[in-house]
Structures are given as structure tokens and as C-alpha cells.
């Protein structure tokens with residue numbers, strides 16, 4: 001049978017066709033329904049497909065589902081009914097499959113579960129064939145002038161603009177003036193939109209900006225500019241803001257400032273779009289223009305960017321993009337936005353709380369950087385710093401005295417970071433002050449902010465919130481865990497350190513908290529840390545050591561009897577720890593053994609070489625006395641001493657590494673015993689390698705010192721090569737081991753706090 005032929009069965013006068021071509025929809029319907037914007041074209045193609053196979057009845061109700069007969073007729077026609085219903089179902093399922101195959105994933109979710117093709121068709125018609133709502137007043141004028149041609153007729157113009165063929169584009173626009181403001185493609189973009197996209201691609205080519213300027217000049221009526229929007233209601237200024245093209249934004253605002261106060265379908269103004277896409281220069285320009293032309297926002301259908309929902313959205317996007325200076329100035333001008341909560345948003349306090357990188361705790365500074373950071377003055381915004389003379393305490397102070405100003409790049413960077421941190425503190429403090437003025441509902445503002453600061457391990461935010469809202473320390477998450485429990489389970493070191501210093505965890509009420517499963521704080525710290533926290537430390541042994549350090553630290557602040565308390569599973573904290581860390585302990589054992597095994601081979605090779613050198617001295621022995629020929633020589637003494645040091649230290653290293661291989665690998669061994677052996681083994685091995693190279697160099701010099709004394713220079717240079725290589729490659733591991741084992745630990749006061757006096761001067765009361 002040919003692909004277009006049909007087969008049918010008859011039930012009275014009703015026919016249910018079934019085409020033999022299963023790929024008809026895939027080859028005929030080229031549009032995937034994704035929303036209202038392409039429903040009309042999709043519907044037309046689908047109806048043509050069904051009409052060509054005589055199957056329109058399945059979507060318009062003409063071919064209804066066969067119903068069972070009653071009485072004696074039902075008893076006689078059961079086989080015929082079943083055959084008819086089965087073939088109807090087969091055809092209906094095929095039609096439904098065709099429809100499903102032409103839907104996008106989002107649209108498909110709206111019709112999943114519907115039984116018949118008719119039900120699916122009606123559901124899609126209800127959802128996507130709704131007549132568009134009446135456009136606002138400024139947009140109505142443009143709609144009246146657009147839509148004279150289909151988008152297919154503008155394919156040449158679109159192609160000319162995208163290919164940057166300026167002569168062809170000008171010719172097409174000259175022949176069709178409506179194309180200036182008409183919709184050119186299925187996305188609803190117009191000539192201005194496409195021209196802005198292309199001018200941004202060639203932003204260094206002034207000809208494209210000139211072409212855009214000509215387009216604006218050819219649109220005689222500037223009042224329709226706000227109504228020239230795409231499917232997302234984005235006008236030309238929205239595009240310039242998203243692309244960060246300040247030159248285009250200047251041209252558009254100069255032509256019609258009303259563009260500044262039009263929102264798109266997401267309720268974003270152009271200035272909000274610029275902030276959302278982190279275009280600082282464009283955002284600054286639009287902010288200045290919005291303040292200049294703010295009176296225009298009072299007109300009907302336009303929106304003020306600084307009040308209500310628009311203001312909250314603007315400040316939140318500004319904070320998230322890192323424009324903290326602008327965010328603070330907006331907050332000073334409109335402090336009421338700090339307490340305004342827009343449905344679907346988290347509020348300003350949450351927004352500034354989740355900016356973990358805007359606080360000192362989000363940076364890792366070395367000792368020198370911490371010293372410079374503490375002494376940088378941030379009241380002056382110039383990007384230069386200088387080092388003044390020593391004061392009575394012999395501390396180097398950084399100041400901004402005009403006669404001692406020097407450009408120092410790394411100090412400039414630290415200065416900029418401290419200014420950013422101060423500004424974040426000021427925004428946080430200002431929001432907390434405004435929220436604290438509320439008579440009720442403050443927990444709705446600080447609750448989510450408190451939890452996100454806990455998650456990001458940002459103690460500065462928690463400190464400010466607890467200081468402003470003391471009751472916030474009892475904030476709990478959806479599982480009922482409080483601040484002390486969350487910080488322990490998530491291994492938030494900085495937050496936990498803050499809580500201990502603030503004496504929060506030492507209060508009986510916090511120390512005695514029990515969760516719904518009967519777990520005290522030791523049970524919780526006995527659980528395995530989240531993967532993203534464990535993976536911050538490399539190596540299974542060091543990860544296990546970190547977990548043991550947490551357990552030890554928490555145990556010190558609790559009562560001794562808490563170690564023996566049992567939860568609902570009859571487990572003590574140590575039982576929980578061993579069960580949860582069983583796999584991690586095995587990983588640590590494997591890592592420690594492989595590391596020690598590698599160093600054992602190296603130590604054994606060194607022992608073999610230096611022992612052989614000890615019994616075969618350079619220059620030989622005296623035949624009569626048996627003593628070394630050059631035993632009075634300084635180079636020979638150096639050889640003997642360094643060779644002996646190498647032998648003794650390599651032997652010690654070998655024994656230390658062997659003790660690691662034969663250890664019992666109990667949980668507590670990972671805390672000090674095993675890391676300490678590895679540290680001393682590495683130190684002994686380094687000394688052994690260095691002494692071996694010195695002994696070898698001395699031996700060479702003994703053989704050539706009489707006739708070629710210059711040989712000492714290349715020997716000394718080459719001797720440094722293996723020593724430096726060993727130190728460079730193995731020193732990082734040694735530093736990590738020493739820091740992790742003998743470092744400051746978890747409890748320590750932050751060294752990156754803003755000076756109190758300076759902070760109080762900056763923060764508004």
C-alpha cells in the first residue's frame with residue numbers, strides 16, 4: 001500500500017482511518033510548539049497534516065470514542081465492539097503521538113496524562129490560542145503600524161543586517177519604510193534590535209553605530225520608540241543595557257528618555273538589565289539619566305525605578321553584581337526599600353548576606369597581607385598608598401599623606417578590597433537598622449539571611465544580625481536545626497569560631513540541644529562532613545585528621561558525660577563517628593601507605609649509595625698505615641661528615657616510613673601519630689638528600705683540586721639542582737602536614753576585622 005493510502009473499518013456510518021506512514025508528522029510539521037508566539041503556525045501545519053489523512057475528526061470531535069451497546073445487542077456485538085474500539089484507539093493514539101512529537105518540553109508538561117487527542121488539542125487551544133491582552137497606551141501606536149507583512153517576507157532584510165551588508169540594508173529599508181518598525185523575525189525583533197546586536201559585535205567599527213544612528217533618524221516619530229518591543233516586551237534600550245553598549249544607550253536616551261522607564265515581561269527596566277548583566281559603565285550612565293528624567297516616570301504606563309518593586313529589584317541586582325557604592329547611595333536615598341519585601345524575592349538583607357565574597361572572611365591572606373590590610377586607611381578613595389616612618393611601637397603605618405604617596409600595586413589591590421568590605425558592612429548595617437525599626441515581622445527579613453550566611457560561612461553577617469536581633473541566634477532551618485547544630489554539621493569553621501568567641505556555645509541551653517533523633521552536638525560532629533567541605537583538604541589522611549580535629553574541639557566545650565550519651569539508635573558519639581568515617585579511614589590508610597612506601601624506596605637507595613661511598617673513600621688508602629690518603633684535607637673532612645649525616649638521616653627516615661607501613665591505623669592515629677611520623681620522615685629524607693649531594697661534590701673536588709680547581713664552580717651549581725628540586729616538589733606537602741598538625745586549629749579570632757573606630761565612622765547610626 002502507498003504511504004498516502006489509508007485503511008478503515010466501519011461501525012455503522014463511522015470510519016476511523018489509519019495511515020500507513022508513521023513519519024508523516026516528522027516530515028510535515030516543521031514547527032515545534034513552544035508558546036503563544038508560534039501557536040498559529042503550528043496549528044495550521046498540524047490541521048493540514050490531519051486533513052490530508054482524513055483524520056480531522058479526532059481533534060474536532062467528529063470521530064468520537066465508540067460506546068458499548070446495552071441489553072441483548074451488547075451480548076451479541078461484544079467482539080465487534082472490541083475490534084472497533086481497538087482500531088479507533090490505535091488511530092487516536094497515532095494522532096496524539098503526532099501532536100506530542102511537535103511539542104517542546106515545556107509545552108509537553110502541560111498535556112501529560114490526557115487520554116485522547118481531542119483532549120490534548122483542546123488543552124493546547126485553551127493555553128496558547130488566547131487572544132493577546134490589550135497593549136498599554138504607548139505600545140498601541142506601534143502595533144497599529146506593524147504586522148503588515150509576515151516575518152518570512154523580511155528574511156532578506158534580516159540576512160542583510162546580520163551579514164553587516166549596509167548598502168543592501170539601506171536599499172531594503174528605503175524600498176519599504178514599514179520595515180523600520182515592523183517585526184522582522186519570530187522572536188519579535190525589529191530593525192533597531194538587530195542593528196544594536198550587530199553594532200555591538202563590531203563595537204570598534206564606527207560605521208555600524210553610524211548606521212544605527214541613521215535608523216533612529218529615519219524613525220520620524222520618536223514617541224513610538226518605547227513601543228518597538230520584541231516578544232519579551234524589550235525595547236531597544238533594554239538591548240543596549242543587556243549588551244553593555246553605552247554609546248547606543250546614549251543615542252537612544254537622547255532620542256526618547258521615556259525608554260528609561262519601560263519594563264519588559266520580567267518587570268526589568270533597562271537600568272536593571274544593565275545591573276543584572278554587570279555592565280558598570282552603562283549602569284552608571286543609565287542611573288544618572290534616570291535621576292535626571294525621573295519626572296517622566298510619573299506618566300501613565302511608565303515606571304519609577306527607585307520605588308516599590310522596581311526599587312527593590314534594582315538594588316538587589318546592583319548588590320549581586322558587586323556595584324556596592326551605587327547600592328549604598330540608592331539605599332541612602334530610599335531607606336524604605338530595606339524593609340520592603342516583594343513576593344517571590346528574598347529581600348535586601350538576604351541579598352547582601354549571600355555576598356560572601358564581599359567580606360574579609362571570603363579572602364585568604366598571608367601574614368604580610370593581613371598586616372597591610374589591618375593598617376590600610378580607607379576613608380580616602382584614592383588608589384594609592386604609602387608607607388610612613390616607624391612610630392613609637394615600630395609598626396609600619398599606611399597613610400595618605402600627600403607628600404609621601406607612592407603607587408604600590410599590591411597595596412592598591414588590598415586597599416580596593418578593604419573599601420569593598422567596608423561598603424558591604426555599611427549596607428548590611430543600614431539594612432539591619434531599618435529592619436529593626438519594624439514593630440513586627442523582623443524574622444521574615446533576617447531568618448533567610450541568617451541561614452544563607454551560615455551556609456556560606458560568613459561570620460561578619462551573623463555577628464551583625466545577632467547584634468541587631470539577639471533572638472536570631474535561635475533561628476532554625478526547615479529540619480529544626482539551630483545555629484550551633486548547623487555550624488557543626490556543615491563544618492563552618494569561621495562561624496563556629498565566632499560563636500565560641502561570643503560564648504554562645506558555652507551557654508547551657510546551646511550545649512544541651514538534642515535533635516529529634518536524640519543526637520547531641522557530639523553525635524552531629526561525629527557524622528561525615530558534606531563532600532564540598534571534605535574535599536577542601538587533599539588526601540584521605542588529612543581529611544580524616546580534619547574530621548578528628550572537629551570532634552576533639554567540640555568535645556572540649558561539652559560535658560564529659562556527653563561522650564557516653566546514646567541516641568535513639570543506641571549509639572554513642574564515638575560509635576557514630578567510626579561508622580560514618582569507615583570509608584574515609586580506609587582512604588586515609590591507603591593514602592598514607594602509598595606515600596610512605598614511595599619514600600621508603602628512596603631512603604633505601606640512598607642508604608645503599610652512601611654506605612658504599614663510606615667504605616670506598618676517594619683517593620684510596622695508604623698502603624702502610626691503611627689510613628685515607630687525603631684525611632688531612634678539608635674537602636675530605638666535608639666528604640666524611642656529610643656522608644655520615646646522609647647515612648644516619650636516611651636510615652632514620654627509612655625506619656619512620658616503615659613504622660607508618662606497620663601501624664595499626666586506629667582512628668586516633670590520624671590525629672597526631674601518623675602525620676608526625678610522616679613529617680619527621682620527610683625532614684630526615686631532605687637532610688639525607690642534601691648531605692649526599694654535598695658528599696658527592698666533595699668527592700669530585702678531591703680528585704680534581706690539584707690540577708683543576710675551577711671544577712668547584714660547576715659542581716656547586718649542579719649540586720643545588722637536585723636539592724632545590726626536592727624542596728620545591730616536596731615542600732608543599734610538608735607545609736600542609738605541619739600546618740594541619742601543629743597549626744592554629746579551628747578556634748581562633750579573625751585577624752581581618754575592620755578597625756572599630758574606622759567602622760563606626762563609616763556606618764550610619
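The values are calculated or read from the model by the stated rules, or taken from the named source; none is laboratory data. Everything numeric in this text was worked out from a predicted model, so none of it was measured. When we count neighbours, we look across all protein chains shown, and the Cβ atoms used for this are built from the backbone with ideal geometry, even at glycine.
Confirm whether residue 209 is over 39 Å from the mean Cα position of the chain (by Cα) and either modelled with pLDDT under 85 or under 22 Å from residue 261 (Cβ atoms) (or both). Break it down into steps so the answer makes sense when it comes.
Working: over 39 Å from the mean Cα position of the chain (by Cα): no; either modelled with pLDDT under 85 or under 22 Å from residue 261 (Cβ atoms) (or both): yes.
Judged against the criteria, residue 209 is not a match.
Out of 653, 644, which single residue is under 30 Å from residue 703 (Cβ atoms), surrounded by fewer than 19 Cβ atoms within 10 Å (Cβ to Cβ) and modelled with pLDDT of 90 or more? Before you say what the answer is, go through the steps one by one.
Numbers: 653 fails: surrounded by fewer than 19 Cβ atoms within 10 Å (Cβ to Cβ).
644 is the lone residue from the list that is under 30 Å from residue 703 (Cβ atoms), surrounded by fewer than 19 Cβ atoms within 10 Å (Cβ to Cβ) and modelled with pLDDT of 90 or more.
Report whether or not residue 599 is out of contact with any strand residue (DSSP E or B) (no Cβ under 8 Å at 6 or more places or on another chain) and at pLDDT 75 or above.
Working: out of contact with any strand residue (DSSP E or B) (no Cβ under 8 Å at 6 or more places or on another chain): yes; at pLDDT 75 or above: yes.
So residue 599 passes the test.
Taking segment 169-190 as the region of interest, how many residues are within 9 Å of residue 154 (Cβ to Cβ) and not in a loop (DSSP other than H, G, I, E, B)?
Here is the first cut: in segment 169-190, the residues within 9 Å of residue 154 (Cβ to Cβ) are 172, 176, 179, 182-185.
From what's left, not in a loop (DSSP other than H, G, I, E, B): 172, 179.
Number of matching residues: 2.
Go through segment 440-494 and count every residue that is touching a helix residue (DSSP H, G or I) at 6+ places or on another chain (Cβ under 6 Å), over 28 Å from residue 549 (Cβ atoms) and outside any helix (DSSP H, G or I).
2
What number of residues within segment 337-356 are in contact (Cβ under 8 Å) with a residue 60 or more places away in the chain and not in a loop (DSSP other than H, G, I, E, B)?
Within segment 337-356, the subset in contact (Cβ under 8 Å) with a residue 60 or more places away in the chain is 338-339, 341, 346-350, 352-356.
This time we only want the ones that are not in a loop (DSSP other than H, G, I, E, B), so: 338-339, 348-350, 352-353, 356.
Residues in segment 337-356 being in contact (Cβ under 8 Å) with a residue 60 or more places away in the chain and not in a loop (DSSP other than H, G, I, E, B): 8 in total.
Go through segment 49-81 and report how many residues are assigned to a helix (DSSP H, G or I), modelled with pLDDT of 70 or more and surrounded by 12 or more Cβ atoms within 10 Å (Cβ to Cβ). First the steps, then the outcome.
The first filter runs over segment 49-81 and keeps only residues assigned to a helix (DSSP H, G or I), leaving 49-52, 57-60, 71-76, 78-81.
Pick out the ones that are also modelled with pLDDT of 70 or more and you get 49-52, 57-60.
Narrowing the set further to residues that are surrounded by 12 or more Cβ atoms within 10 Å (Cβ to Cβ) leaves 49-50, 52, 57-60.
Count: 7.
Kindly provide the set of residues from segment 226-252 that are assigned to a helix (DSSP H, G or I) and surrounded by 22 or more Cβ atoms within 10 Å (Cβ to Cβ), ordered by number. It would help to see each step written out before you state the result.
Quick first cut of segment 226-252, residues assigned to a helix (DSSP H, G or I) only: 226-227, 236-243, 246-252.
Across segment 226-252, the qualifying residues are 226, 227, 236, 237, 238, 239, 240, 241, 248, 249, 252.
Identify all residues within segment 309-339 that are over 27 Å from residue 416 (Cβ atoms) and out of contact with any helix residue (DSSP H, G or I) (no Cβ under 7 Å at 6 or more places or on another chain); write none if there are none. Talk me through it step by step, then tell me what you get.
So in segment 309-339, the residues over 27 Å from residue 416 (Cβ atoms) come out as 309-313, 336, 339.
Result: 309, 310, 336.
Take residue 223 and tell me if it is at pLDDT below 80, in a helix (DSSP H, G or I), under 29 Å from residue 267 (Cβ atoms) and touching a helix residue (DSSP H, G or I) at 6+ places or on another chain (Cβ under 8 Å). Break it down stepwise before answering.
Details: at pLDDT below 80: no; in a helix (DSSP H, G or I): yes; under 29 Å from residue 267 (Cβ atoms): yes; touching a helix residue (DSSP H, G or I) at 6+ places or on another chain (Cβ under 8 Å): yes.
Criteria not met by residue 223.
Only one residue in 553, 547, 564 is surrounded by 13 or more Cβ atoms within 10 Å (Cβ to Cβ), closer than 30 Å to residue 663 by Cα and free of Cβ contacts under 8 Å to residues at least 60 places away in the same chain, so which one is that? Before you say what the answer is, go through the steps one by one.
Working: 553 fails: free of Cβ contacts under 8 Å to residues at least 60 places away in the same chain; 564 fails: surrounded by 13 or more Cβ atoms within 10 Å (Cβ to Cβ).
Every option except 547 fails the conditions.
Can you pull out every residue in segment 98-115 that is without any contact (Cβ under 8 Å) to a residue 12 or more places away in the chain and either within 20 Å of residue 49 (Cα to Cα) or not assigned by TED's automatic domain parsing to the domain that holds residue 63 (or both)?
108 - this is the single residue of segment 98-115 that is without any contact (Cβ under 8 Å) to a residue 12 or more places away in the chain and either within 20 Å of residue 49 (Cα to Cα) or not assigned by TED's automatic domain parsing to the domain that holds residue 63 (or both).
Please go through segment 679-700 and give me each residue that is crowded, with 22+ Cβ neighbours inside 10 Å and more than 16 Å from residue 723 (Cβ to Cβ), ordered by number.
681
Would you mention how many residues in segment 18-48 are touching a strand residue (DSSP E or B) at 6+ places or on another chain (Cβ under 7 Å) and either at pLDDT below 75 or assigned to a helix (DSSP H, G or I) (or both)? Can you show your working first?
Just the residues of segment 18-48 that are touching a strand residue (DSSP E or B) at 6+ places or on another chain (Cβ under 7 Å), to begin with: 18-19, 32-33, 39, 42.
Restricting the remaining residues to those that are either at pLDDT below 75 or assigned to a helix (DSSP H, G or I) (or both) gives 18-19, 39, 42.
Adding up the residues that qualify gives 4.
Give the residues of segment 633-678 that are in contact (Cβ under 8 Å) with a residue 40 or more places away in the chain, assigned to a helix (DSSP H, G or I) and under 18 Å from residue 587 (Cβ atoms), sorted by residue number.
Listed by number, the residues that qualify are 660, 661, 667, 668, 670, 674, 675, 678.
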